[in-house]
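Please read the structure below before turning to the comments.
The values are calculated or read from the model by the stated rules, or taken from the named source; none is laboratory data. The model shown is predicted, which means the values in this text are computed figures rather than measured ones. Every residue, glycine as well, gets a Cβ built from its backbone with ideal geometry; the counts of neighbours run over all protein chains shown.
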Amino acid sequence: MPALKENTVNSNPWRLSVAPMMDWSDKHCRYFHRLLSRHALLYTEMVTTGALIHGDVARHLDFNAEEHPLALQLGGSESADLARCAVLGQQWGYEEINLNCGCPSERVQRGAFGACLMAEPDLVADGVKAMLDVVDIPVTVKHRIGIDKNESYAFVRDFVGTVNRAGCEVFIVHARNAWLKGLSPKENREVPPLRYELVHQLKRDFPNITIAVNGGLTTTSQVHEQLQQVDGVMIGREAYHQPFWLASWDHEFFGAAENDLTRESIEQQMVLYMQREALLHGTPWSSIARHMLGLRHGLAGSRRWRQVWSDHKLKGLPASEVMALAHALPATEDSLADVA
Ligand SMILES: Cc1cc2nc3c(=O)[nH]c(=O)nc-3n(C[C@H](O)[C@H](O)[C@H](O)COP(=O)(O)O)c2cc1C
């Protein structure tokens, strides 16, 4: 698929997405993000094949109907296990199965999946083929541009070529290497240098494959620039820390009309969701509110607002009262709290 022209209403689901993020992009977070953008593709946290095969499937796969379009990210390397879990994902109603070939954590390396799979393109190809044989939805791969200090472009080019020959047509590329020894997962998102030009080269070498770029992108203009070179952009941390950015995405990147979303209208809808979740599942509002603490990022009073929404002493109160408290403080006190 050629890089799409900007400002056209388009149906490329990978044009802009929110990244899979362990412990962050759970169903409550995704519900929140979906209120902000109707079109961005949302990814689950990584779910390992072991967790699905031996654990509580509903706990790992359940989501809100509002979250579509939604992709399930799997972590695993055994073809038969991946195929079994891909079928589960399709049955539960996910629109895509994504295979994690980018996570560098030691735990994941011990399970021999994540980023270390980049050293075994044939194994990845087998897994992808096994999944494509049993599902009708797209099977995609998220990976790095290399592992350890191997900085050769040929490494990632050959990885993509091999996995593409097995049938994968969509690659989401975190534009830095994963250093498998000596760096924590957090450092592995910051220390290895970003090299977007390798991802752009992949698009030139594989013009018929959908290529999305990920890593370090934080502004609307950066996303527009990347969309001149590749088919899609995936945003991780900035979407989580500055979620109101998502409110502009449908108009900026998907050609939708401008919306009139406000932070307050979103917060109000989240309170309704918290009430629904409490009734249906006994979920405490704090498990949901933790994902929206960046909503007022940069505004006067945001620190105080955040403190209220993260105050566990308030956990006995209904969410609507917590929202009232979060907004009850006089502006002067707010500003003082912010500079304190
Ligand atoms: C808290 C956290 C958890 C993450 N968990 C996953 C994960 O489960 N699967 C995955 O492929 N990437 C995971 N990532 C990596 C992100 O998907 C993304 O590739 C990375 O943060 C770079 O994008 P960014 O600079 O826009 O944040 C995680 C990132 C963070 C910050």
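Details
- Here G216 does not fit the description of being at positive phi, away from the ligand (no atom under 16 Å from the Cβ) and among the small types (G, A, S).
- For segment 39-88, the set of residues classified as part of a strand (DSSP E or B) and not hydrophobic (A, V, I, L, M, F, W, C) consists of Y43, T44, E45, T48, Q73, G75, listed by residue number.
- Test for V47: is it more than 30 Å from L295 (Cα to Cα), β-branched (V, I, T) and free of Cβ contacts under 8 Å to residues at least 60 places away in the same chain: no
- Qualifying residue in segment 285-292 (condition: within 17 Å of Y43 (Cα to Cα), touching a Phe, Trp or Tyr at 6+ places or on another chain (Cβ under 8 Å) and in the same structural domain as E197 (by TED's automatic domain parsing)): no
- Restricting segment 90-146 to residues that are of a type in the set (V, I, T) and farther than 19 Å from A166 by Cβ leaves a set whose member that is farthest from the ligand (Cβ to nearest atom) is I145.
- In the condition set (1) within 16 Å of the ligand (Cβ to nearest atom); (2) more than 21 Å from the chain's Cα centre (by Cα), A80 is compliant with all but (1).
- Highlighted here are the helices (runs of 4 or more DSSP H) found entirely within segment 209-310 that include at least 2 residues which are of a type in the set (S, T, N, Q) and surrounded by fewer than 17 Cβ atoms within 10 Å (Cβ to Cβ): 220-227, 263-281, 285-289.
- Residues that are outside any loop (DSSP other than H, G, I, E, B) and either among the acidic types (D, E) or surrounded by fewer than 24 Cβ atoms within 10 Å (Cβ to Cβ) (or both) within segment 109-130 comprise Q109, R110, C116, A119, P121, D122, L123, A125, D126, K129, A130, listed in sequence order.
- Single unsatisfied condition, Q268 versus (1) at pLDDT 95 or above; (2) away from the ligand (no atom under 16 Å from the Cβ); (3) over 18 Å from N64 (Cβ atoms): (3)
- Qualifying residue in segment 198-206 (condition: near the ligand (Cβ under 10 Å from one of its atoms) and modelled with pLDDT of 95 or more): no
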